[in-house]
Amino acid sequence: MSTTEQRAGTRRWWALGLIAAAQFMVIMDTSIIGVALPRIQTDLGFSQENLSWVFNAYVVAFGGLLLLGGRISDLLGARRVFAAGWAVLLAGSVVAGAAGHVWVELTGRAVQGVGAALIAPSALTLLMMLFGGEPRELTKALSLYGAAAPAGGTAGVFLGGVLTEYLSWPWVFYINVPIALAALAATPALMPAGRARRGGTDLLGAASVTAGLAVTVFAIVRAPEAGWGSVETVLTLLAGAALLTAFVGLQARRRNPLVRLGIFRTPNLGAANVAQFLLGAAWIPMWFFLNLYLQQVLGLGAFESGSALLPMTTVIMVVMIAVAPRLMATFGAKRLVVAGLVVLALGLVWLATARDAGTYWVDVLPASLVAALGMALAFVPSLGTAISSARPEEGGLASGIVNTSYQVGSALGLATVTAFTTGLSGAFLAAAGIAAAGALITSAALGREARR
C-alpha cells in the first residue's frame with residue numbers, strides 16, 4: 001500500500017470518528033437535560049405539565065425536520081449540510097444556556113433540534129460515501145456509529161449530573177460549544193465533498209410533517225390533564241392526524257417531494273424503520289423513568305444517578321463494536337433485531353419489579369444490563385438494513401427516514417407511556433410491551449436477505 005493510500009485510509013477513520021461524535025452529540029442532547037430539569041424548572045418558572053417540553057422541543061424539531069435535512073443533504077452535498085448543522089446547534093446551545101425565560105429556553109432547544117436534524121442524516125450519508133463500497137468495512141463503521149447513539153444517551157445522563165452538580169444547569173448546553181467549534185474546524189479536511197443534485201426542497205411538506213408531529217405530541221402530553229375524551233384532546237389529535245395525512249397527500253402529488261413514497265416499497269426498508277421506531281419508543285421511556293427511580297425512590301443525587309448508568313454504556317459499546325458485527329455475519333440482521341428486542345423487553349419487565357425500598361445493586365444494575373444488551377443487539381442491524389436498502393442517490397433521504405423513525409418513536413413513546421401509565425412499574429411494563437411488539441412485527445415483516 002502506498003503512502004498516499006495509507007493517509008487516505010487513516011483520514012477515513014478519523015472522519016468516522018467525527019461522524020460518530022456527531023451522532024453521540026445529537027443523542028446526548030436528548031438526555032443531558034434529564035438531571036437538570038428540576039433546577040431548570042425552579043430557575044425559569046416552568047409548570048410541571050410544561051416541563052417535558054424542554055425535552056420535546058428538541059425532539060420534535062429534530063424528528064420533524066430530519067426528512068428535510070436528509071433531502072437537503074442529497075441536494076446541496078452532505079459535507080456542506082453537516083457543517084451548517086454544527087453551526088446551528090452551536091447557536092441553539094448558546095441561546096438555551098443563556099435563557100432567562102421559558103420561551104427563550106424552548107426556542108433554544110428547538111434551534112438545537114434544527115441543527116441536529118441537519119447533522120444526523122448528513123453524517124450517515126457521509127458514512128455511506130466513505131465505507132459504502134466495502135460491506136465488511138461498512139458493518140464495522142455502522143457498529144461504531146451505532147454505539148455512539150446509546151452511549152450518547154448514557155453519557156448525557158452522567159455528564160448532566162456532573163455539570164448540574166458541580167457547575168450549573170446552563171453548562172449542559174454550553175458543553176456543545178467547544179465541540180461544535182472543533183467539528184467545524186475539522187470538517188473541511190476530513191469529509192468528502194460529494195456532489196450537489198438538482199431538485200426542490202419541498203418546504204411545505206417539511207412544514208406539514210413537523211407541525212403534524214408537534215400537534216400530536218402536544219395532544220398526548222396534555223391529555224392526562226385535559227382528559228382523553230375532552231373536546232380539546234380529540235380536536236388536537238384530529239388536527240395532528242389531518243396535518244400528517246396532508247403531508248402524505250403532498251408527497252404523492254409533488255414532482256420533487258420531500259419523501260418519495262415509492263422508497264417504502266424497497267425490500268426491508270419499511271420493516272427496519274418500524275424496528276427503529278419501536279426501539280426508540282421503548283428505550284427512551286426506560287431512560288426517563290429509570291432516572292426518576294434513581295433520584296426519587298433511591299434518593300441518589302444528580303452525580304450518583306448519572307454514575308449509576310455508566311455500566312450500561314460499557315455493555316452497549318462492547319456488544320455493538322465487538323459482538324454484534326460477528327453475530328450479524330453468522331445469523332443475519334433479522335434474527336439479531338428480533339432477539340435484541342426480546343432481550344430488551346425482558347430487561348424492562350425485570351426493571352418493573354424494582355422495589356420502593358430497593359437497592360441499586362439488586363433492583364437496577366442487573367436488569368439495566370439486560371436491557372442494554374437487548375438495545376445493543378437490535379440497534380446496529382436495524383439501522384444498517386434501513387440505510388443500505390435504499391438507492392445510493394437517496395442515501396440522505398434513507399438516513400433522514402431512519403433517524404426520523406427513531407426520534408419520533410422516542411418522542412411519542414415517552415409521551416404515550418407518560419400519559420397511559422401510573423407509577424414507575426407501569427411505565428417499565430408499557431415500554432416492555434412496546435419492545436415485545438417490535439419483536440413480533442420485525443419477525444413477521446423483515447426479510448432474511450441482509451447479512452454482512
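Every listed requirement among (1) surrounded by 18 or more Cβ atoms within 10 Å (Cβ to Cβ); (2) at pLDDT 85 or above is met by ALA445 save one, (1).
Entry remark, region 116-157: residues being in a helix (DSSP H, G or I) and without any contact (Cβ under 8 Å) to a residue 40 or more places away in the chain number 1 in total. For LEU243, state whether it is modelled with pLDDT of 90 or more and surrounded by 13 or more Cβ atoms within 10 Å (Cβ to Cβ). So LEU243 passes the test. Any residue at all in region 65-87 that's closer than 27 Å to THR187 by Cβ, outside any helix (DSSP H, G or I) and at pLDDT 85 or above? Scanning region 65-87, I find at least one residue that is closer than 27 Å to THR187 by Cβ, outside any helix (DSSP H, G or I) and at pLDDT 85 or above, so the answer is yes. Looking only at region 402-414, decide whether some residue is buried (at least 24 other Cβ atoms within 10 Å of the Cβ), in a helix (DSSP H, G or I), of a type outside the set (Ser, Thr, Tyr) and over 13 Å from the mean Cα position of the chain (by Cα). No, because not a single residue in region 402-414 is buried (at least 24 other Cβ atoms within 10 Å of the Cβ), in a helix (DSSP H, G or I), of a type outside the set (Ser, Thr, Tyr) and over 13 Å from the mean Cα position of the chain (by Cα). Between VAL380, VAL370, the distinction of being free of Cβ contacts under 8 Å to residues at least 40 places away in the same chain and either of a type outside the set (S, T, N, Q) or not assigned by TED's automatic domain parsing to the domain that holds ALA110 (or both) belongs to VAL370 only. For the structure I just gave you, tell me whether THR385 is surrounded by fewer than 24 Cβ atoms within 10 Å (Cβ to Cβ), closer than 26 Å to MET312 by Cα and either of a type outside the set (Phe, Trp, Tyr) or at pLDDT 80 or above (or both). So THR385 fails the test. A single member of GLY34, GLY97, GLY70, GLY17 is more than 21 Å from ALA155 (Cβ to Cβ) and of a type outside the set (A, V, I, L, M, F, W, C), and it is GLY70. Counting only residues that are among the β-branched types (Val, Ile, Thr) and either over 12 Å from the mean Cα position of the chain (by Cα) or modelled with pLDDT of 85 or more (or both), region 27-64 holds 6 of them.
Filtering region 194-228 to residues that are assigned to a loop (DSSP other than H, G, I, E, B), under 22 Å from VAL114 (Cα atoms) and at pLDDT 70 or above leaves only ASP202.
Quick check: is even one residue across region 38-50 within 30 Å of LEU294 (Cβ to Cβ), in the same structural domain as ALA419 (by TED's automatic domain parsing) and aliphatic (A, V, I, L, M)? Taking every residue of region 38-50 in turn, at least one turns out to be within 30 Å of LEU294 (Cβ to Cβ), in the same structural domain as ALA419 (by TED's automatic domain parsing) and aliphatic (A, V, I, L, M). Take PHE264 and tell me if it is touching a residue at least 24 places away in the same chain (Cβ under 8 Å) and of a type in the set (Phe, Trp, Tyr). In short, no. Looking at ALA281, ALA372, just one residue is under 21 Å from ALA120 (Cα atoms), out of contact with any strand residue (DSSP E or B) (no Cβ under 9 Å at 6 or more places or on another chain), at pLDDT 90 or above and not charged (D, E, K, R), and that residue is ALA281. Taking the criterion of being free of Cβ contacts under 8 Å to residues at least 12 places away in the same chain and over 17 Å from VAL95 (Cβ atoms), the residues of region 165-185 that qualify are LEU167, ALA182, ALA185. Among the residues of region 140-173, the ones that are among the aromatic types (Phe, Trp, Tyr) and within 20 Å of PHE82 (Cα to Cα) come to 2 in all.
The values are calculated or read from the model by the stated rules, or taken from the named source; none is laboratory data. Just so it is clear, the model here is predicted, and its values are computed rather than measured. Cβ sites come from the backbone with ideal geometry, for glycine too, and all protein chains shown count toward neighbours.
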